[in-house]
Amino acid sequence: MDIIYPFIWAFGLCLGSFAGMSINRYQRIYAGEKINIISPSSHCPHCKKSLKPMMLIPIFSYIYLKGKCYFCKKEINKSYFITELIFLAVTVTLIFFETSILNILVLLLIFCFLYILLITDYNHFFLPIELNLTLLFFSICSAALNIHTNITHALFGAFFGYTVLYVINFIYKKFRAIDGIGFGDFILLASLGALYGVYSIPFILFFGSLFSLVIYLFKEKNKENYVPFGSGLILGAFLIFFLIEIELLRFI
Ligand SMILES: [Zn+2]
């Protein structure tokens, strides 16, 4: 496969742009703005003018417009540019590790939804159901392509991923009378179980808990003392991806 196959680069950049926009919109939705993920179309937060197609890809607008709005010349939030750079790095990594174009595209889609969920859970302690279910769908697609597991292991993985956290939360609730783990985390672990197969679940939980602890220690404390467990699970899943690719872990 030609590693400079331009379609994959373009796809990665478009997903980066979509992720940056989605994270920004969830932030505004939680702040009480009456918008949704699709409308209104992307616009400058200062002058409210709609962005031209080329400006939707932050890397180009940063290079050509030096990080400023084309219309009002006010500075654009750097987080879009950073998100885009991360997606570029992930695209390069996937091209390096994977040989099939279809595998790369599916894994890029999975990364995109994991990334939005990671940031949204970190900022708001919430995993939007529409993102979570889309991720589950793409995880099952990846198993259908036999990327990291097969479809049987994936379906068991989804079932046990959901059930493990459901049962832990059920027991916790018996003693403390409140939920200890959010419903979104059940679906997230179901997706990760589908992505890597049923045997990966103890590893995801182990690494996920370690990363959650690290986040808890370093993140500014909130008054409810919540921990973004979903973000921890996703960081654990990224680590597992590397361990599989460098052949230190195998679940099938
Ligand atoms: Zn502007």
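The values are calculated or read from the model by the stated rules, or taken from the named source; none is laboratory data. Nothing here was measured: the structure is a model prediction, and the numbers come from that model. Every residue, glycine among them, receives a Cβ derived from its backbone with ideal geometry; neighbour counts consider all protein chains shown. Just the protein is used for accessible areas: all its heavy atoms, side chains included, with ligands, DNA and RNA removed. Shrake-Rupley method; radii C 1.70, N 1.55, O 1.52, S 1.80 Å.
Points worth noting:
- Within the stretch 85-138, if we keep just the residues that are open to solvent by 10 Å² or more (accessible area, probe 1.4 Å) and touching an Asp or Glu at 6+ places or on another chain (Cβ under 6 Å), the residue that is nearest to ILE8 (Cα to Cα) turns out to be PHE97.
- Consider the stretch 213-223 and keep the residues that are in contact (Cβ under 8 Å) with a residue 12 or more places away in the chain and either in a loop (DSSP other than H, G, I, E, B) or touching a Cys at 6+ places or on another chain (Cβ under 7 Å) (or both). The one that is farthest from ILE178 (Cα to Cα) is LYS219.
- Qualifying residue in the stretch 190-209 (condition: farther than 30 Å from THR99 by Cα, among the aliphatic types (A, V, I, L, M) and out of contact with any strand residue (DSSP E or B) (no Cβ under 7 Å at 6 or more places or on another chain)): no
- Scanning the stretch 10-54 for residues that are open to solvent by less than 50 Å² (accessible area, probe 1.4 Å) and either within 16 Å of the ligand (Cβ to nearest atom) or in contact with a Gly (Cβ under 9 Å, 6 or more places away or on another chain) (or both) returns MET21, ASN24, SER42, HIS43, CYS44, CYS47.
- Here LEU165 does not fit the description of being open to solvent by 80 Å² or more (accessible area, probe 1.4 Å) and either touching a residue at least 40 places away in the same chain (Cβ under 8 Å) or of a type in the set (A, V, I, L, M, F, W, C) (or both).
- Of all residues in the stretch 73-84 being in contact (Cβ under 8 Å) with a residue 40 or more places away in the chain and within 15 Å of ILE119 (Cα to Cα), the one that is surrounded by the fewest Cβ atoms within 10 Å (Cβ to Cβ): SER79
- All told, TYR70 meets the bar of being within 16 Å of the ligand (Cβ to nearest atom) and either touching a residue at least 12 places away in the same chain (Cβ under 8 Å) or assigned to a helix (DSSP H, G or I) (or both).
- Evaluating PRO58 against the criteria (1) out of contact with any Asp or Glu (no Cβ under 8 Å at 6 or more places or on another chain); (2) at pLDDT below 85; (3) surrounded by 16 or more Cβ atoms within 10 Å (Cβ to Cβ) leaves one unmet condition, (1).
- A Cβ distance below 9 Å, combined with a sequence gap of six or more or placement on separate chains, defines the contacts here; from the stretch 44-55, residues that are of a type in the set (S, T, N, Q) reach residues that are more than 9 Å from the ligand (Cβ to nearest atom) and not in a strand (DSSP E or B) in the pairs SER50/PRO40; SER50/SER41; SER50/SER42.
- Failed item, numbered, when GLU220 is tested on (1) surrounded by fewer than 17 Cβ atoms within 10 Å (Cβ to Cβ); (2) touching a Phe, Trp or Tyr at 6+ places or on another chain (Cβ under 7 Å); (3) farther than 20 Å from TYR115 by Cα: (2)
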